[in-house]
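Student: Structure provided below as structure tokens; questions to follow.
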Amino acid sequence: MIDIKNLHKSFGEHEVLKGIDLHIDPQEVVVIIGPSGSGKSTLLRCMNLLEEPTSGTVVVDGIDLTAKADINKAREEIGMVFQRFNLFPHMTVLHNIMLAPVKVRHVPRAEAEATARALLERVGLSDKADAYPPQLSGGQQQRVAIARALAMKPKVMLFDEPTSALDPEMVNEVLDVMKGLANDGMTMAVVTHEMGFAREVGDRLLFVDEGRIIEQGVPQEVFENPQEDRTRLFLSKVL
Amino acid sequence: MNLNVDLMVNSFPLLVVGAGITIQITAISVGLGLIIGMFVGIARISQVKLLRALAAVYIDFLRGTPLLVQIFLIYFALPVVLGQRVDPFLAAITACGINSGAYIAEIFRAGIQAIDAGQMEAGRSLGMTWPQTMRHIIVPQAFKNIIPPLGNEFIALLKDSSLVSVIGFEELTRRGQLIIARTYGSLEIWICVAIIYLVMTLTISRLVAYLEKRLDTK
Ligand SMILES: Nc1ncnc2c1ncn2[C@@H]1O[C@H](COP(=O)(O)OP(=O)(O)O)[C@@H](O)[C@H]1O
Ligand SMILES: [Mg+2]
């Protein structure tokens, strides 16, 4: 589903990604962990070209994003959830979810609304359709953001620390929605510090440090028996 | 010093009619400037280099030359090119509209850039194009930001529109000049004119403050 080869990304002189190779299978849930500033967000953002790779190839669902691809078309298939939700504050929750399907996929409004309401039901927010995002709690906003991404019926979902901006008591309501998605077979790449989630839901765990994938494997095994010193050091701090 | 109060009272209705015309050309010009400013402001930050450059030239030229010179260019120089006279009213709103377009473009640019970058990223990551995201997500939010500076621009132009008196267009200042030519009541009339401008600008700034507050609580 996602195929990344020898990906490099520099911001000016600063090389943030130093040769990433990563293949993600359909329906696989890959959890990415690593210290702050190690390049996790940049890696994720290269998967939908919010950041343009300096070199290397990124192929998603058969489309080479690093060639002259129609990036808007490709992004229709790649949902993204941000740390800070980024809901559209001037629109109701319902319109947040309907906007892209109507404008991009040209779904008829009635159909888009029905889909949006079904998605709100799925994330447990049926009663918030007519609310504006600033009226919602962080956890509710993030669930709306997930519903908004799902409304495009993407083939892949990217999550960049979706629970890091939340009060602790709201973390689980978001993780539960993500677990549901994983169980339904969504292909997911998730940057997170939630090790419980990684262990329970992740098919594979990647440890990233200084722009490289240092170690990867089945989450349980990496947690219990890390092969690299750096992984061990990092895990000793977060576990 | 003796003020001829009768002259002031008698001239007042004529001047108020002129004030109406001043408001009219200001409103039309700012309306025109708003349309121009929205497009130029967006062009100024667009992804197309040529558009950015053209917008910059437009803004630099119109903010870097005096409005009075721009009015002369349109009223006296343009007819030479066109081979026909330009109507003073048209010349006035064209000059003022094009001029305020440049200032409003900068207001728009700042208003857009004040919107969190995550909004554009969210729009783009949903597959929307840059223009679609601008139109549906960024610009509607920017409008709220630009109401106060737009109010200031309206006030600035209301005052600057007195410059179109030089091409004989009979707004407030020109009316004052004409009455003085008849009555020699220079002091009285200019006091009246100043008071009328002041009342207009104060009213508008109160109106903008009120509007801002209402939008804030929404
Ligand atoms: N747009 C940018 N411009 C310049 N430097 C950036 C930009 N985005 C990220 N960086 C830098 O790249 C490095 C990795 O950032 P990031 O991918 O956000 O790390 P992580 O998500 O793992 O915390 C950091 O040093 C950060 O300062
Ligand atoms: Mg990050």
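Student: Taking the residues in the stretch B:157-196 that are in contact (Cβ under 8 Å) with a residue 40 or more places away in the chain and hydroxyl-bearing (Ser, Thr, Tyr) as candidates, determine which candidate is surrounded by the most Cβ atoms within 10 Å (Cβ to Cβ). Please lay out each step first, then the result.
Tutor: Filtering the stretch B:157-196 down to residues in contact (Cβ under 8 Å) with a residue 40 or more places away in the chain leaves B:157-164, B:166-176, B:179, B:183, B:185, B:187-189, B:191-193, B:196.
Right, trim to hydroxyl-bearing (Ser, Thr, Tyr) and you get B:161-162, B:173, B:183.
Numbers: B:Ser161: 27, B:Ser162: 16, B:Thr173: 23, B:Thr183: 14.
So, considering only residues that are in contact (Cβ under 8 Å) with a residue 40 or more places away in the chain and hydroxyl-bearing (Ser, Thr, Tyr), the one surrounded by the most Cβ atoms within 10 Å (Cβ to Cβ) is B:Ser161.
Student: If you check A:Asn6 against the conditions, is it farther than 17 Å from A:Phe159 by Cα, open to solvent by less than 40 Å² (accessible area, probe 1.4 Å) and either more than 16 Å from ligand 2 (Cβ to nearest atom) or among the charged types (D, E, K, R) (or both)? If you could, list the steps in order and put the result at the bottom.
Tutor: Details: farther than 17 Å from A:Phe159 by Cα: yes; open to solvent by less than 40 Å² (accessible area, probe 1.4 Å): no; either more than 16 Å from ligand 2 (Cβ to nearest atom) or among the charged types (D, E, K, R) (or both): yes.
Answer is no for this residue.
Student: Within the stretch A:46-54, does at least one residue satisfy the condition of being within 16 Å of ligand 2 (Cβ to nearest atom) and farther than 30 Å from A:Arg232 by Cβ? Outline the logic, then answer.
Tutor: First, pick out the residues of the stretch A:46-54 that are within 16 Å of ligand 2 (Cβ to nearest atom): A:46-48, A:50-51.
Within this subset, residues satisfying the condition of being farther than 30 Å from A:Arg232 by Cβ are A:48, A:50.
Yes, that holds for at least one residue.
Student: Now for a separate question. Only residues that are within 24 Å of A:Leu235 (Cα to Cα), open to solvent by 10 Å² or more (accessible area, probe 1.4 Å) and more than 7 Å from ligand 1 (Cβ to nearest atom): list them for the stretch A:9-31, please. Walk me through how you get there before you give the answer.
Tutor: Just the residues of the stretch A:9-31 that are within 24 Å of A:Leu235 (Cα to Cα), to begin with: A:16-24, A:28-31.
From what's left, open to solvent by 10 Å² or more (accessible area, probe 1.4 Å): A:16, A:18-19, A:21, A:23, A:28.
Those that are within 24 Å of A:Leu235 (Cα to Cα), open to solvent by 10 Å² or more (accessible area, probe 1.4 Å) and more than 7 Å from ligand 1 (Cβ to nearest atom): A:Lys18, A:Gly19, A:Asp21, A:His23, A:Glu28.
Student: All but one of (1) more than 22 Å from B:Tyr210 (Cβ to Cβ); (2) touching a helix residue (DSSP H, G or I) at 6+ places or on another chain (Cβ under 7 Å); (3) at the interface with chain A (Cβ under 10 Å from one of its Cβ atoms) hold for B:Glu121; which doesn't?
Tutor: In the conditions (1) more than 22 Å from B:Tyr210 (Cβ to Cβ); (2) touching a helix residue (DSSP H, G or I) at 6+ places or on another chain (Cβ under 7 Å); (3) at the interface with chain A (Cβ under 10 Å from one of its Cβ atoms), B:Glu121 misses (2) alone.
Student: Filter the stretch B:99-111 down to the residues that are open to solvent by less than 10 Å² (accessible area, probe 1.4 Å) and of a type in the set (A, V, I, L, M), then identify the one that is farthest from B:Asn145 (Cα to Cα).
Tutor: B:Ala102
Student: If you don't mind, another one. Please go through the stretch A:134-152 and give me each residue that is within 13 Å of chain B (Cβ to nearest Cβ), touching a residue at least 24 places away in the same chain (Cβ under 8 Å) and surrounded by fewer than 21 Cβ atoms within 10 Å (Cβ to Cβ), ordered by number.
Tutor: First, the residues of the stretch A:134-152 that are within 13 Å of chain B (Cβ to nearest Cβ): A:134-135, A:141-142, A:144-152.
Now restrict to residues that are touching a residue at least 24 places away in the same chain (Cβ under 8 Å): A:134, A:141-142, A:144-152.
Once the filter is applied, which keeps residues that are within 13 Å of chain B (Cβ to nearest Cβ), touching a residue at least 24 places away in the same chain (Cβ under 8 Å) and surrounded by fewer than 21 Cβ atoms within 10 Å (Cβ to Cβ), the stretch A:134-152 yields only A:Pro134.
Student: Residue check: is A:Arg45 within 11 Å of ligand 1 (Cβ to nearest atom), open to solvent by 10 Å² or more (accessible area, probe 1.4 Å) and within 14 Å of chain B (Cβ to nearest Cβ)? Before the answer, list the steps.
Tutor: Details: within 11 Å of ligand 1 (Cβ to nearest atom): yes; open to solvent by 10 Å² or more (accessible area, probe 1.4 Å): yes; within 14 Å of chain B (Cβ to nearest Cβ): yes.
In short, yes.
Student: Still on this structure: Under the condition of being touching a residue at least 40 places away in the same chain (Cβ under 8 Å) and in a loop (DSSP other than H, G, I, E, B), which residue from the stretch A:32-42 is surrounded by the fewest Cβ atoms within 10 Å (Cβ to Cβ)?
Tutor: A:Pro35
Student: Among the helices (runs of 4 or more DSSP H) confined wholly to the stretch B:1-118, which include 2 or more residues that are out of contact with any Asp or Glu (no Cβ under 7 Å at 6 or more places or on another chain) and within 24 Å of B:Ala156 (Cβ to Cβ)? Can you show your working first?
Tutor: Working: elements: B:5-44, B:49-64, B:67-72, B:78-82, B:88-113.
Here the list reads B:5-44, B:49-64, B:67-72, B:88-113.
Student: Would you tally the residues in the stretch A:73-108 being within 14 Å of chain B (Cβ to nearest Cβ), open to solvent by 30 Å² or more (accessible area, probe 1.4 Å) and more than 16 Å from ligand 1 (Cβ to nearest atom)?
Tutor: Number of matching residues: 9.
Student: Moving to a separate point now. Condition first: open to solvent by 10 Å² or more (accessible area, probe 1.4 Å), within 16 Å of ligand 1 (Cβ to nearest atom) and either touching a Cys at 6+ places or on another chain (Cβ under 8 Å) or within 14 Å of chain B (Cβ to nearest Cβ) (or both). Can you find one or more residues in the stretch A:57-64 that meet it? Walk me through how you get there before you give the answer.
Tutor: Filtering the stretch A:57-64 down to residues open to solvent by 10 Å² or more (accessible area, probe 1.4 Å) leaves A:57, A:59, A:61-64.
Within this subset, residues satisfying the condition of being within 16 Å of ligand 1 (Cβ to nearest atom) are none.
There is no residue in the stretch A:57-64 that is open to solvent by 10 Å² or more (accessible area, probe 1.4 Å), within 16 Å of ligand 1 (Cβ to nearest atom) and either touching a Cys at 6+ places or on another chain (Cβ under 8 Å) or within 14 Å of chain B (Cβ to nearest Cβ) (or both).
Student: Going residue by residue through the stretch A:181-193, is there one that turns out to be within 16 Å of ligand 1 (Cβ to nearest atom) and open to solvent by 30 Å² or more (accessible area, probe 1.4 Å)? I'd like the intermediate steps shown before the answer.
Tutor: Residues of the stretch A:181-193 within 16 Å of ligand 1 (Cβ to nearest atom): A:189-193.
Adding the requirement that they be open to solvent by 30 Å² or more (accessible area, probe 1.4 Å) leaves A:193.
Yes, the stretch A:181-193 contains at least one residue that is within 16 Å of ligand 1 (Cβ to nearest atom) and open to solvent by 30 Å² or more (accessible area, probe 1.4 Å).
Student: A further question on this structure: If the requirement is being within 9 Å of ligand 1 (Cβ to nearest atom) and over 17 Å from A:Lys5 (Cβ atoms), which of these qualifies: A:Gly34, A:Gly39?
Tutor: Every option except A:Gly34 fails the conditions.
Student: Give me the helices (runs of 4 or more DSSP H) completely within the stretch A:51-170, filtered to those with at least 1 residues that are at pLDDT 95 or above and among the aliphatic types (A, V, I, L, M), ordered by residue number. Even if it seems obvious, please write down each step before you answer.
Tutor: Values: elements: A:71-75, A:93-103, A:109-122, A:138-150.
Because the criterion is at least 1 residues that are at pLDDT 95 or above and among the aliphatic types (A, V, I, L, M), the helices (runs of 4 or more DSSP H) in the stretch A:51-170 that meet it are A:93-103, A:109-122, A:138-150.
Student: Could you list all residues from the stretch B:137-156 that are modelled with pLDDT of 90 or more, more than 12 Å from B:Gly41 (Cβ to Cβ) and open to solvent by 40 Å² or more (accessible area, probe 1.4 Å)?
Tutor: Within the stretch B:137-156, B:Pro140, B:Asn152, B:Phe154 qualify.
The values are calculated or read from the model by the stated rules, or taken from the named source; none is laboratory data. Source: prediction; values computed, not measured. Neighbour counts run over all protein chains shown; Cβ positions are idealised from the backbone, glycine included. Side chains are part of the model used for accessible areas, which takes the heavy atoms of the whole protein and leaves out ligands, DNA and RNA. Shrake-Rupley method; radii C 1.70, N 1.55, O 1.52, S 1.80 Å.
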